[in-house]
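Only one structure is covered here, and it is reproduced in the block below.
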Amino acid sequence: MSIRNELLKRLAVCALTVLCASSALAQSKQNPPNQPEKVLRYAFEIAETGFDPAQLSDAYSRIATENIFDALYCYDYLARPAKVRPNVAVAMPEISDDFRTWTIKIKPGIYFADDPAFGGKKRELTAHDFVYSYKRIFDPKTKSQLYPDLDEEKIIGLAELRKQAEKPGADFNYDSDVEGLRALDRYTIRFKLAETRPRFIYTLADASVYGAVAREVVEKYGDKIMEHPVGTGPFKLDQWTRSSKMTFVRNPNFREAYYEAEPPADDALSQEIYRQMKGKRLPIVDRVEISIVEEVQPRWLAFLGNEHDFLMYLPAAFAYQAIPNNRLAPNLAKRRIAMERVAAPDVTVSYFNMEDPVVGGNTPDKVALRRAISLAYNSEEEIRLPRRNQAIPAQGPMQPTTYGYDPKFKTEMSEFNRAKAMALLDMYGYVDKDGDGWRDRPDGSPLVLEYATTPTAADRALNEIWKKNMDAVGIKIVFKTGKWPEHLNAARAGKLMMWGLGYAASSPDGSGALGLAYGPGKGEGNLSRFENAEFDQLYQKQQFMPDGPERLAIMQKMVKIMVANMPYKFSTHRIRTDLMQPWLLGYRRHPTSRGFWRYVDIDTSKLPK
């Protein structure tokens with residue numbers, strides 16, 4: 001053997017030794033020997049509906065899917081204001097000057113969690129998976145609640161593909177070439193949009209609903225796909241008892257990723273979190289256990305009893321006890337429990353079914369009825385009593401911390417005026433015609449509001465406010481009790497008269513909340529089933545405009561149309577307070593992203609013995 005060959009052989013052995021040592025070191029950092037398993041435990045207040053991104057519309061299921069699936073982009077966990085950065089994409093997209101062509105490279109070597117659908121082989125994520133996932137939202141058989149939102153992005157060719165599939169006896173042709181959605185090669189995807197879409201990046205960054213799924217998995221499980229999520233994200237579903245408990249474990253196939261962030265220079269807490277977490281391999285915890293605890297008291301007691309590491313959304317019923325004067329109570333501070341309190345980018349609403357014979361319709365008398373109900377409802381009383389001052393009045397759908405929200409913008413939406421409400425009812429014939437003490441409809445039939453609710457203490461407290469205020473103006477209201485997922489299905493089908501729920505922003509742009517009244521989304525995002533041609537035209541127009549005064553003026557005009565027609569009673573923007581045990585490290589509430597599981601740590605040395 002020559003000296004050169006012997007030297008090369010020794011160098012190769014050294015390189016292999018260094019590589020193995022580095023690999024072993026990385027593994028030991030991730031899973032040190034004899035270290036207890038790190039488990040994040042907390043509760044949802046509302047039950048999940050499933051785990052298929054394309055079929056979801058509820059925020060709680062989306063928390064799970066954002067941690068199971070990957071979008072092309074994600075949000076920096078600590079950056080404020082919210083900042084988009086590459087996730088499975090190699091870099092930020094190449095964008096044409098008119099914001100109509102977006103070209104994105106995907107990192108090679110990213111793999112789905114193992115599943116029988118892959119026949120025992122490792123399955124790599126490709127550009128074709130994103131093409132399939134976006135197409136699937138347009139498949140009528142998927143019945144995706146995302147379809148109206150994605151249709152607004154005007155991806156060339158997808159609307160035509162859906163129309164073909166809507167013909168009698170036709171199926172959606174997934175193999176059909178679409179100009180606006182193409183995999184140029186295994187790792188390159190290109191979107192071509194019919195209109196200027198300067199905020200399309202926010203769609204590309206939402207893993208909770210636009211995460212990549214594998215076609216083999218969808219075809220294998222069919223109607224059961226909600227129960228079989230298979231993604232490339234940091235966690236995978238391990239065990240599930242519907243509406244009771246979910247367990248997620250680290251995805252063994254998750255790529256090598258490390259904690260990086262850009263915390264604001266003036267945010268001492270985020271800077272300290274970054275100092276502690278920088279460079280840690282993600283995800284940091286091994287398992288996530290989520291219980292469904294709808295009642296506020298057992299959820300609160302589970303946290304106080306150290307059964308949960310994290311209390312997501314301090315129940316308002318315990319605000320005076322836990323945060324008197326909005327400061328952490330001394331007994332909690334003594335236990336070194338931490339608090340995160342922020343104005344949430346959400347809005348609480350009660351919707352009127354615009355197709356309901358009692359509260360629906362666009363005739364003056366029906367508009368007057370909805371306006372009177374809104375004027376008769378005291379949102380300040382809701383804030384003061386059941387919400388324990390943990391909210392602020394809403395003037396419309398625009399949510400705090402999102403683009404378009406103006407705290408100085410005022411509308412009739414927050415006005416409480418019982419005299420005006422009664423005058424409107426009298427003027428349009430909603431008077432007591434049979435002498436039973438309750439107002440009747442103009443045709444003499446009983447005026448009875450039916451409000452959907454859930455059997456929780458929180459909803460019962462809100463119901464009391466509704467009943468008190470409706471009683472005061474002579475309107476009879478009854479409550480239809482059921483589980484939240486059941487109400488959601490009924491709402492989509494147009495079978496509920498009224499229902500109260502909350503909407504959280506999914507991006508830093510506030511126009512998504514305006515979609516609550518967008519006609520093409522009727523029965524999907526638009527549960528009120530409201531239709532207004534002028535509103536729809538303005539909605540489309542502002543979507544194509546760059547941010548600025550002209551767009552803001554249009555958005556405010558749309559809010560006024562909603563207030564004038566009152567398909568929704570917007571009540572409050574909640575102030576959210578999360579509490580963390582001292583052994584939970586690194587938590588910060590992000591304005592829009594729900595994928596925080598990978599960024600937090602459990603200090604097992606601090607766990608109670």
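Give me the extension gain from Asp436 to Glu340: residue separation times 0.36 nm, minus the current Cα-Cα distance, reported in nm with one decimal. Display every interim value, and only then the final one.
Numbers: separation 96, 0.36 × 96 = 34.56 nm, distance 5.04 nm.
Result for the pair: 29.5 nm of gain on full extension.
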Relative contact order computed over the chain (Cα-Cα under 8 Å; 6+ residues apart), in percent: 19
Positive-end residue of Gly429, Val448, Ala458, charge dipole of segment 427-480 with Cβ unit charges: Ala458
Charge sum, other residues only, whose C-beta stays under 12 Å from Ala564's C-beta, Lys/Arg counted +1 and Asp/Glu -1: +2
query: Among Val288, Val359, Val39, which comes first, then next, by fewest other beta-carbon atoms within 10 Å?
result: Val39, Val359, Val288
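Rank these for me by crowding, Thr348, Thr604, going from fewest to most other beta carbons within 10 Å. Working shown, then result.
Working: Thr348 21, Thr604 12.
Ascending number of Cβ neighbours within 10 Å: Thr604, Thr348.
Quickly rank 592-598, 376-382 as a protection proxy: mean count of other C-beta atoms within 10 Å, highest first. Mind dumping the intermediate values first?
Numbers: 592-598: 22.3, 376-382: 19.9.
Descending mean neighbour count gives 592-598, 376-382.
Do the alpha carbons of any pairs in Lys410/Lys569; Lys135/Lys167; Lys154/Lys541 sit beyond 19 Å of each other, and which pairs? Could you put the intermediate results ahead of the total?
Details: Lys410/Lys569 14 Å; Lys135/Lys167 17 Å; Lys154/Lys541 13 Å.
The pairs that break the limit, which is 19 Å between Cα atoms, do not exist here.
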- line: In the list (1) 111, 62, 45; (2) 78, 65, 45; (3) 72, 63, 44, the entry giving Cα extents along the principal axes in Å computed from the coordinates is (1)
Of the DSSP H helices in the chain, those whose Cα atoms cover at least 27 Å axially and whose Kyte score averages 0.0 or more: 3-30
message: I need the fraction of alpha carbon pairs in segment 363-434 separated by more than 21 Å, rounded to a whole percent.
response: 40
statement: Scattering profile of segment 50-230 from the Debye formula, Cα beads only, expressed as log10 I(q)/I(0) at q = 0.13 Å⁻¹, is -0.64
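Given contacts defined as C-alpha pairs under 8 Å and at least six residues apart, what's the relative contact order of segment 346-575, whole-number percent? Let's see the in-between values first.
Values: 412 pairs, mean separation 79.2, N = 230.
Dividing the mean separation by the residue count of segment 346-575 yields 34 percent.
Taking the Cα centre of the chain as origin and charging only Cβ (+1 Lys, Arg; -1 Asp, Glu), how large is the dipole, in debye to the nearest 20? All intermediate terms of the calculation are to be shown ahead of the outcome.
Details: 85 positive and 79 negative charges, 342 e Å.
Once rounded to the nearest 20, the dipole reads 1640 debye.
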message: In 5 Å bins starting at zero, report the fraction of Cα pairs in segment 346-575 per bin as a rounded %.
response: 1, 7, 14, 19, 20, 17, 12, 6, 2, 1, 0, 0
task: Just need the relative contact order of segment 136-249 here, percent rounded to a whole number, with Cα pairs under 8 Å and 6+ apart.
output: 15
field: Label-point separation, Tyr258 to Lys495 (7 Å along Cα→Cβ), nm
entry: 5.4
message: Treating segment 409-466 as a set of equal point scatterers at the Cα positions, no solvent, please give the Debye-formula log₁₀ I(q)/I(0) at q = 0.29 Å⁻¹.
response: -1.07
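Any read-out appearing in this document is the output of simple, stated calculations on the displayed coordinates, not a laboratory observation. A quick note: this is a predicted structure, and the numbers were derived from the prediction, not measured. Don't worry about glycine lacking a Cβ; one is built from the backbone with ideal geometry, like all the others, and counts go over all protein chains shown.
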